[in-house]
Amino acid sequence: MKILSAELIRKADQYTIENEPIQSIELMERASRAFVTWFESNFDRTRRVFIFCGTGNNGGDGLAIARILSFRKWDVTTVTVKKSSKKSQDFTINYLKLAEVREIANIEKVEDLNFNVQKKDIIIDAIFGSGLAREVTGIYASAIDFINNSSATIISVDVPSGLFIDAISPKKSIIKADHVLSFQLPKLAFLIPENSEYVKSWSITNIGLDTDFINSQPSDYEYIDDLLIKKLFKPRAKFAHKTDFGRILLMSGSQGKMGACILCASACIRSGAGLVTTHIPSCGYQIMQSSVPEVMTSSDFNERFLTGIPDLEPYDVIGIGPGIDRHIDTYEVIAQLLEKFRKPIVLDADAINIIADEQSFMKQLPEGSILTPHPGEFKRIVGFWNDDFERLEQQIAISKEFKVFIVLKGAHTSISTPEGKVYFNSTGNPGMATGGSGDVLTGIITSLLGQKYSPEHAAILGVYLHGLAGDIAAEFLGEESLIASDIIDYLPQAFLEIKN
């Protein structure tokens, strides 16, 4: 699902109006009815509703929502916030329609903000929409502060008022929405970590914008949805052989950290890999043989950590990093691997920390390799960023410069490609923020790469599967009790959900 800029969203609206054809006021009515349908499926009429509207088209949406809810017997108080006489045409039309059936409160100064909003009430925010590109001041800022300081549930129409959707927002006055119902498409700002207090949750409602126009628009950003995953997923052939699904080497583990190796190898084999071998320090030999009997084991001469590499000729794909630690000899292991193996490699954890320490290793990475850092590991590569939009720019720049894929882990994990495209994940939950979850992801992605998915598709499908398994696990176990091995246990259900 494409993520479009504010300008392209405006053009999609206009194209739909001109080519459906439909009048702009009718499109606004359609959007408002879609909002009300969602709203009534999530809330009941025992709660009072306050709707705060600006004087642009987002405010027009709010007025139409107020009228529809009023006709449906909701207790609605409608408030327009204005500091000038400028109004959009569709706002004016909906204002006059609502004024025929309901009184509308108009506020122009702070003293007018005297509404008795209670905790059980709902505030619908329709002050500013996706086109905002200036800092909020004056009575608008006061209204936003009033809403944020209330104890009511806050729902924003399309975007929280005050939030820029394409760039870093001034942090002075932005609605802190409990939920945002976005029209047609997600907004880039929803996927940026530092905006989490303004977009606590969000969903999308289809308002019938022209899909051909949307699909034809250029965008470097895409939200991973079910449709994309179903296109990527490859069913198994009837006469397939285990070697068709990859001969994989996982280089992982050190004394005291063999759990990382077990999680990575278990996830790899559970994700469909054909043949998996782990190269580990010799202290882990018995642990691996008894913990994951489906996996073969190659032991390093050193007992406590990796000091060398096995013969690499038999392997299609290599994953390295979980639990390896950063000993001086392990740096040499990375150097030897990059010299002798020129197919894409999956790097995680201390493998990433080592190449961050030795920046010359970045230039030696095989084209198409996949790095899976968490934000702390990524910071060791790039150094510093002022905000999360800048961090995203740096992620794209690194992928382009070194022709690698970067899977930057977190809520809505972002996957950047050598072409500068970024995919944001749609699955996963906070319960997955637990030790070993990243080792599981490394095993899944390496497995898919071994099954002849392209690096891009392996990263996208791997991240989605990882999050989906975590979501299914959380349904049964709860987020608080979820551990990394639960993600592995629920991978079969995740695969079945994609297939079915």
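For the stretch 257-294, which residues satisfy the criterion of being assigned to a loop (DSSP other than H, G, I, E, B) and either of a type in the set (D, E, K, R) or over 21 Å from Gly435 (Cβ atoms) (or both)?
Answer for the stretch 257-294, where residues must be assigned to a loop (DSSP other than H, G, I, E, B) and either of a type in the set (D, E, K, R) or over 21 Å from Gly435 (Cβ atoms) (or both): Lys257, Gly272, Ala273, Gly274, Pro293, Glu294.
Does the stretch 145-161 hold any residues that are farther than 14 Å from Ile51 by Cβ and either buried (at least 24 other Cβ atoms within 10 Å of the Cβ) or without any contact (Cβ under 8 Å) to a residue 12 or more places away in the chain (or both), and which are they?
Asn149, Val159, Pro160 - these are the residues of the stretch 145-161 that are farther than 14 Å from Ile51 by Cβ and either buried (at least 24 other Cβ atoms within 10 Å of the Cβ) or without any contact (Cβ under 8 Å) to a residue 12 or more places away in the chain (or both).
Might you let me know whether the stretch 202-218 holds any residue that is in contact (Cβ under 8 Å) with a residue 12 or more places away in the chain, in a loop (DSSP other than H, G, I, E, B) and under 16 Å from Asp388 (Cβ atoms)?
no
Scan (1) assigned to a helix (DSSP H, G or I); (2) surrounded by 13 or more Cβ atoms within 10 Å (Cβ to Cβ) for the single condition Lys231 breaks and write down its number.
Among (1) assigned to a helix (DSSP H, G or I); (2) surrounded by 13 or more Cβ atoms within 10 Å (Cβ to Cβ), Lys231 violates only (2).
Name the residues in the stretch 118-130 that are buried (at least 17 other Cβ atoms within 10 Å of the Cβ) and either assigned to a loop (DSSP other than H, G, I, E, B) or not assigned by TED's automatic domain parsing to the domain that holds Glu108 (or both), would you?
Asp121, Ile127, Phe128, Gly129, Ser130 - these are the residues of the stretch 118-130 that are buried (at least 17 other Cβ atoms within 10 Å of the Cβ) and either assigned to a loop (DSSP other than H, G, I, E, B) or not assigned by TED's automatic domain parsing to the domain that holds Glu108 (or both).
Any residue in the stretch 210-219 that is under 30 Å from Asp112 (Cα atoms), of a type outside the set (A, V, I, L, M) and assigned by TED's automatic domain parsing to the domain that holds Val110?
no
Which condition breaks for Glu18 when tested against (1) surrounded by 15 or more Cβ atoms within 10 Å (Cβ to Cβ); (2) of a type outside the set (A, V, I, L, M); (3) more than 18 Å from Ile175 (Cβ to Cβ)?
So the condition that Glu18 fails would be (1).
Can you work out which of the residues in the stretch 83-110 that are small (Gly, Ala, Ser) and part of a loop (DSSP other than H, G, I, E, B) is modelled with the highest pLDDT?
The residue in question is Ser88.
Sort out which residues of the stretch 56-68 are under 22 Å from Ile144 (Cβ atoms) and surrounded by fewer than 24 Cβ atoms within 10 Å (Cβ to Cβ), and write them in order of number.
If the condition is that a residue be under 22 Å from Ile144 (Cβ atoms) and surrounded by fewer than 24 Cβ atoms within 10 Å (Cβ to Cβ), then Gly56 is the only one that fits.
Which members of the stretch 73-86 meet the condition of being under 23 Å from Gly131 (Cβ atoms) and either crowded, with 17+ Cβ neighbours inside 10 Å or acidic (Asp, Glu) (or both)?
Selection gives Thr78, Val79, Thr80, Val81, Lys82.
Restricting attention to helices (runs of 4 or more DSSP H) lying wholly within the stretch 1-75, give those where 2 or more residues are among the aromatic types (Phe, Trp, Tyr).
It comes to 24-42.
What are the residue pairs meeting all of these: first residue in the stretch 475-500, first residue hydroxyl-bearing (Ser, Thr, Tyr), second residue not in a loop (DSSP other than H, G, I, E, B), Cβ atoms under 7 Å, and 6 or more apart or on different chains?
Ser485/Leu263; Tyr490/Ala469; Tyr490/Ile472; Tyr490/Ala473
Do the conditions hold for Phe424, that is, is it assigned by TED's automatic domain parsing to the domain that holds Ile248, crowded, with 20+ Cβ neighbours inside 10 Å and aromatic (Phe, Trp, Tyr)?
yes
Residues are listed down the side, and each one gets a yes or a no for (1) touching a residue at least 24 places away in the same chain (Cβ under 8 Å); (2) more than 18 Å from Thr77 (Cβ to Cβ); (3) in a loop (DSSP other than H, G, I, E, B); (4) not β-branched (Val, Ile, Thr):
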site: Ala133; (1), (2), (3), (4): yes, yes, yes, yes
site: Ile139; (1), (2), (3), (4): yes, no, no, no
site: Leu163; (1), (2), (3), (4): yes, yes, yes, yes
site: Ile168; (1), (2), (3), (4): yes, yes, yes, no
site: Ile174; (1), (2), (3), (4): yes, yes, yes, no
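Any residue at all in the stretch 175-190 that's β-branched (Val, Ile, Thr), modelled with pLDDT of 95 or more, under 18 Å from Asn149 (Cβ atoms) and buried (at least 20 other Cβ atoms within 10 Å of the Cβ)?
Yes, the stretch 175-190 has at least one match.
Please go through the stretch 191-208 and pick out each residue that is closer than 12 Å to Asp158 by Cβ and surrounded by fewer than 23 Cβ atoms within 10 Å (Cβ to Cβ).
Listed by number, the residues that qualify are Trp202, Ser203, Ile204, Thr205, Ile207.
Would you confirm whether or not the stretch 8-31 contains a residue that is of a type in the set (Gly, Ala, Ser), under 19 Å from Gly129 (Cβ atoms) and touching a strand residue (DSSP E or B) at 6+ places or on another chain (Cβ under 9 Å)?
Yes; the residues of the stretch 8-31 include at least one that is of a type in the set (Gly, Ala, Ser), under 19 Å from Gly129 (Cβ atoms) and touching a strand residue (DSSP E or B) at 6+ places or on another chain (Cβ under 9 Å).
Can you say whether Glu40 is more than 21 Å from Asp125 (Cβ to Cβ), out of contact with any helix residue (DSSP H, G or I) (no Cβ under 8 Å at 6 or more places or on another chain) and among the acidic types (Asp, Glu), as far as the supplied structure shows?
No, not satisfied.
Give the stretch 455-500 a look and list any residue that's in a loop (DSSP other than H, G, I, E, B) and either closer than 15 Å to Lys230 by Cα or not assigned by TED's automatic domain parsing to the domain that holds Ala433 (or both), or say none.
Scanning the stretch 455-500 gives a single hit, Asn500.
Condition first: surrounded by 17 or more Cβ atoms within 10 Å (Cβ to Cβ) and farther than 17 Å from Ile320 by Cβ. Now tell me which residues in the stretch 276-291 satisfy that.
Cys283, Tyr285
Please pick out the residue among Ile25, Ile17, Ile93, Ile3 that is touching a Lys or Arg at 6+ places or on another chain (Cβ under 8 Å) and hydrophobic (A, V, I, L, M, F, W, C).
From the options Ile25, Ile17, Ile93, Ile3, the qualifying one is Ile3.
The values are calculated or read from the model by the stated rules, or taken from the named source; none is laboratory data. Every value quoted in this text rests on a predicted model; they were computed, and no experiment measured them. Backbone-built Cβ (ideal geometry, glycine too); neighbour counts: all protein chains shown.
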